Each structure stands twice: as C-alpha cells, then as structure tokens.
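Taking it in order: structure first as structure tokens, then the write-up.
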Amino acid sequence: MRIVSSITGDHWVLALRTVLAVWLALYVALRLDLAQPAWAILAVMIVTLQPVMFTGGTPPLGIIIHRCLGRLIGTFLGAVMGVVLIALFAQQPMLYLLAAGAWLAFCTFCVMLLNDEPASYIMMLSGYTATLVSLTAIGTGVDNIFDLALARTTETALGIGAGFLMHVLIAPRFGSYALPGTLAALIEGAAGEARVALTETRSRAVLNERLRALMGKHQQFESQHTLARFEFRRFRRLLPALDRFAGDSLALMTGLRELEEAIDRLSHCEGCEDIMAALRAPALPFLEALEHSSEALPALPELPDIASLVSPQARVARVRATLVRERLAEVARLLHHGRSLNLAMRHHRHAHLVQLTGRRPRRANHPEYGVARYNAFRVFIAFELLGLFWIHSGWTSGYLSMMLLGVFIVLFAKAPNPAAVVRQFLTGTIWAVIIGCVFSYVVFPAITGFPLLALSIAVPVAIGTLMTPHMRYAAVGLAGAVTLMTLLNLHRTYVFHPTQFINGGLASILGTIVTMVTYSLFQQRTPAERLETLVAAYWRGLERVTRARRLPSRAWLESRLYDRLGRLLALGSGEQMLREAVDLHALAMCLWRLRRLARQSGSLQRDIERWVLGLGRQLPRAGHDEQAWQRLAADSEARAASLYEIDPLPTALIGEFEMLAHLLRDLPGAEAQAREALSHGEDEQGAMDAR
C-alpha cells in the first residue's frame, strides 16, 4: 500500500509513455517479421527505465537523447565485436571464453575509468552487447551470426526510436529548462556570501553550512548544464561558456574562502575599519545588485588604490589590505562573468557577452585506476568460471546465464553497493519467471490477436515502470520487466515449450546469483575508503605543486579541483570533507602564486623555491598534530616578516605568505588521508633510492 500511495501523476505519465513505446515497438517488429521482438522492447525498457532509477521520475529529454545515441553507437560496436568473436573462436570454446571475458573486462575497465558519461555508456553497451550477440549465436547456431548482429542492431534502433518518440510527444521534460534560474541562484548565493564576508563575522559552523548550500547549487548547475547540448539549440552555442563556468564556479568558492581569510587577517590591523569601508563603498552596490536582481548586469566595481588608503609606514596594513583588494576583485570578476552568461542565456540581445567567456577548457581528470582494474578483474574471473561450468556441464540454456552475468556485472559496476542492487534484481528475476510461466500457460493461449497481446504485455510493463522510480523497488521493477521480456516468446505467442522456458528461467536466476556472489566475494573499496583516497590525492597534488620543476598552469589546477570535487559529491562526502577539499585547493593555489611571484622576485627566487619545497615535504606529515600546523604557520609568518625590510616592498609576495600562514593554521587536516599520502610518498622515495 505504501508504494501505491506514493505514486505521483508524473509516474503515471511515465508508465503511459513506456507502455505506448512498447506497443509501438512490438507492433512494428511483428509487422516487419523481425527475429526477436523482445529485443526492441528491451531497448525501450532500458533506455527509459534505467535513468528513472537515478532521477526518481521522468528523466529529462537530454538524458533520453544521450542514452539513445550512446545505445545506438554502443550496440553497433558490440554487435561488430560479437561477430568478430564468433568468426575467430566459434570452434574453440576455451579461446572464446578468454577473448570474450577479456573484452568484457576491458569495457568494464573503461566504464569505471572514463568520467565522460557518453563514452562510459558506449563502452558499457559495447561490452555486454558483444556477449549477447556471440552467446546467442552459440546457443542457437553460429551460422546465423550476421543475421543475429543485424537483428540486434535493427531492433535496438527500433526500440530506441519508439521510446524517444513517446518522450517527445507526451509531456516532454527538459532538464536544462531551469538552467538560467539555477545559474542565477548560484550567482546570487555567491554574491550574498561575498557581501556577508565584507559586512559580518560568522562562525566556522555557519561558514561550512553556507559552503554546503553553495555546493548544492553548483551541483544543480552541473547536472543541468550537461543536458543543454541535447535539449535546446539556443544553448548549444553557449556550451564552451557553460563548461568553463562549471570550473569557474568552483574557483569562485575558493576565492570566497580566501576572501574570508584575508578579511579576518586585515581585521587585526589598526585602521582596518576605514580600509574596509573604502572597499565596501564600491563593492556592496555591485554585490547587492547581483544578489537581488537577475535581469541587470552591473559594472565591475572600481576598487580604490590601497596606496591612497594606507600610509607607507603602515606596511602590515598595506600588505593585508592589498590582499583583500585582490581577492575581492577576483570574486567580483567571476561573479560578473556568471551574470553575463546568465543574461546571454535569458535574452538574445545579450548574446555578444558570450565572447567574454573564452574557449571550453580541457579537463584534467583524476582516474581511479585501482578501482577500474579491480572491477575488470572480478568481471573476468566471474565470466570465466561460469563459462567453464556452462561448457563442461553441457547445459544448452547456460548461455542465458552468461548473458545476464555480462549485462548485470557491467550495468551496475559504478554503483556504490552493486551487490545490494543485484540482490533486488534477483528478486525481480524470480518474480519474472513466475509471472512469465503464468503468461505462457494461461494468458497467451487465450490471445486471438495483437490488441489482446498488447493489453497483456502492458500489465507487467506498467507495474515494472511504476516500481522503478522508488529506490527500494527500482531494481526489482526493472529486472522483472527486462527478464520477462527475455523469457516470453513474443514472435510465436501460441507455441509454448515448457522445457525451454524452465531452462531459460533457471539460467536467468543462476546468472543473477553468480553476479551477486561475485560482487559479494570480490568487494571493492567502500565509498568512504574511496573518499579518503581522493582527499589523499589532494595532499599528493599539493606536494607536487611545491616540487614540480615546471609550474603547472592555473587552469590545470582549477580543472583538478573541478574533477575531484565532482567525485567527492558523487560518493556522498560530508560538508566537512568538502570544506577540507576547498581549503586544500586554496592552499595549493596559494603555493602556486608564491612560486609564480618568486620567479619575478630576482635574487629571492632560489630561497623561496627551496622553502616552498621543504614545506611541501612537511605537509603530509602534519596529520592531526596541531603543534606541527602551528609551527608551519609560524614559519610562514616569519618569512613574511623578513620581507618587510625590503625596498620596494614586495606587497603581493608578503600577502601570499601571510595568507598561507592563515590557511595552515585553520586547515582541518585529516589523519587518514595524510597517512596514506605519506606512505605513498615514502614508497616513491624508496623506489628512487633503490634505483
């Protein structure tokens, strides 16, 4: 009763779309006398229902288009690979097992490694389609392999077309429709954060909560802007600008973090109120205009020259005020950039503003090679063991187990707990076998034409669709619908072979059980452990910034932040870890600026470079040792103090040293991450010593 009461109008519309798409695909497949009408229905179900498991309702049209294109390409590549496998190894089952298992493992490796969703989805389809085509040929006769590959591709394209048509005709949902409003909310939230930093003093807990809220708005923007390339033609020309601002919005959060620290540092100087008042005068109207109006593009504020506000004798105040001015100017520039893009999305007359946003940036990804290798290994082992059982047992329908193993083990490789998902699939598979038996014994013998066949198929399809949006029953609904369509003989509904059906049902259940056992025995690292690894990668990256001979570009550093923060959010990190990630990135940017400024400092360059290198070696060892962090911060302050005696005053360099000291003192170090980074560094050093 609970699931019935939670069914919304959107879910009923989704069920209507799915049923109509299934009817259309089945009718065309039967009219054209295609080999396996069930494959067309499977394409409808997977393209439509798999995204529902993650969206909880009607998937946006952009996701449907993306899945349709990916499935077409992946199915074609997989069908070609299936033909190649049969052509090379049809008469050599052991070699076939090795080759097919290796291809499936390679595709799984790519699925786990690739961050680009279309490429990852294409590799997933290529992996299990190759096994579907080749195993079906082995089970039914290798002589018709080309017909099978062509039928698989043709009927998949039919199912994709039917599903896409219904999503376009019946109440289409556009995921990027709210993109301008989401971007406006992000800009307004960041502008409000900057205004609060300039006018109020907040506790660490409040700042963490505000950061979490901003990260939530960024996540919404990120999920919606990726759909723009498929849904709205007028947004496509803005794609480079949208991609760039996805990274700039994270740079904006780092800038806000540094602005807060710079203002706090300045607050300890005499005359700070007069300085802040002079900076607030032009900045606050700009920030308030961004915060309260989404239709105006205020001019960038003209911040006063610090030399006119601070006397030359007040060197400390001058340095700290300069740092506040620089961070405030950077935040204002990024906010102005975001509002320009927002206006260009809302109104065609502002299209010329897009020229200010530059080209689409290259993304520097952080691939999890260990996770990808482990998933590929367990896929290969499971496929080979089940294949040996199939070959040596002589079980004719065993190829169905291999097919479901190949589908499920790749389909849910990215799930945080795939064993739990496959457990639900097992429940759905068992129910599908029971319902399929009822259909084959009772329903189909009473059918006298296509209308009755369509009505009978609509019942399990609608039930599976209505279950899928609910997280608890999602896998059960999808598995039941998919397995049922696989078992039913829709081409000849009046012919029922009990032995063939029982073998197929047992094979489906066995393949699901083997998948579940594989995930249970070969358990990969938990999301919490992967989060620790990602944060440890921040620590190692921090050390690389200090010791790399060639200073990396700022765009590269920002791209690393963009990629890793996205992964942290996907794995379910808490706000404390997000705060630590932003703090570590702020620390990395501070060290990067120090090295860049050192190259412009002449005789000071070598000394500063050596000091930064030593700091990079000490950072991973600090862990939770508060005294160690205090020593590092005091050392940075001492370096800043020594530079006050130089004429002319290196204002920017001193400001970065003081900002570094402030970040070191406030950084919430994580012991586990630091320990992992330290052990990694020691392993590298040991390898170098061995050489």
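Pairing residues of the stretch 519-540 that are without any contact (Cβ under 8 Å) to a residue 60 or more places away in the chain with residues that are surrounded by 14 or more Cβ atoms within 10 Å (Cβ to Cβ), at Cβ distances under 6 Å and at least 6 apart in sequence or on separate chains, gives L531/L571; L531/S573. State whether one or more residues within the stretch 289-306 are of a type outside the set (D, E), under 19 Å from L334 (Cβ atoms), modelled with pLDDT under 85 and in a helix (DSSP H, G or I). Within the stretch 289-306 (the criterion being of a type outside the set (D, E), under 19 Å from L334 (Cβ atoms), modelled with pLDDT under 85 and in a helix (DSSP H, G or I)), the answer is yes, since at least one residue qualifies.
So for the stretch 306-319 (the condition being within 34 Å of the chain's Cα centre (by Cα), on the phi < 0 side of the Ramachandran plot and buried (at least 20 other Cβ atoms within 10 Å of the Cβ)), does at least one residue qualify? No.
Surrounded by 19 or more Cβ atoms within 10 Å (Cβ to Cβ) and β-branched (V, I, T) - does that describe any residue in the stretch 66-74? Looking through the stretch 66-74, none of the residues is surrounded by 19 or more Cβ atoms within 10 Å (Cβ to Cβ) and β-branched (V, I, T). Taking the stretch 511-538 as the range and being in a helix (DSSP H, G or I) and basic (K, R) as the test, only R530 passes. If you filter the stretch 413-453 down to residues that are outside any helix (DSSP H, G or I) and more than 37 Å from the chain's Cα centre (by Cα), you find that the one that is surrounded by the most Cβ atoms within 10 Å (Cβ to Cβ) is I447.
Annotation: A281 fulfils all but one of (1) in a loop (DSSP other than H, G, I, E, B); (2) surrounded by fewer than 17 Cβ atoms within 10 Å (Cβ to Cβ); the unmet one is (1).
The values are calculated or read from the model by the stated rules, or taken from the named source; none is laboratory data. Since the model is a prediction, treat every value here as computed from it, not as a measurement. Please note: Cβ atoms are built from the backbone with ideal geometry, for glycine as well, and neighbour counts cover all protein chains shown.
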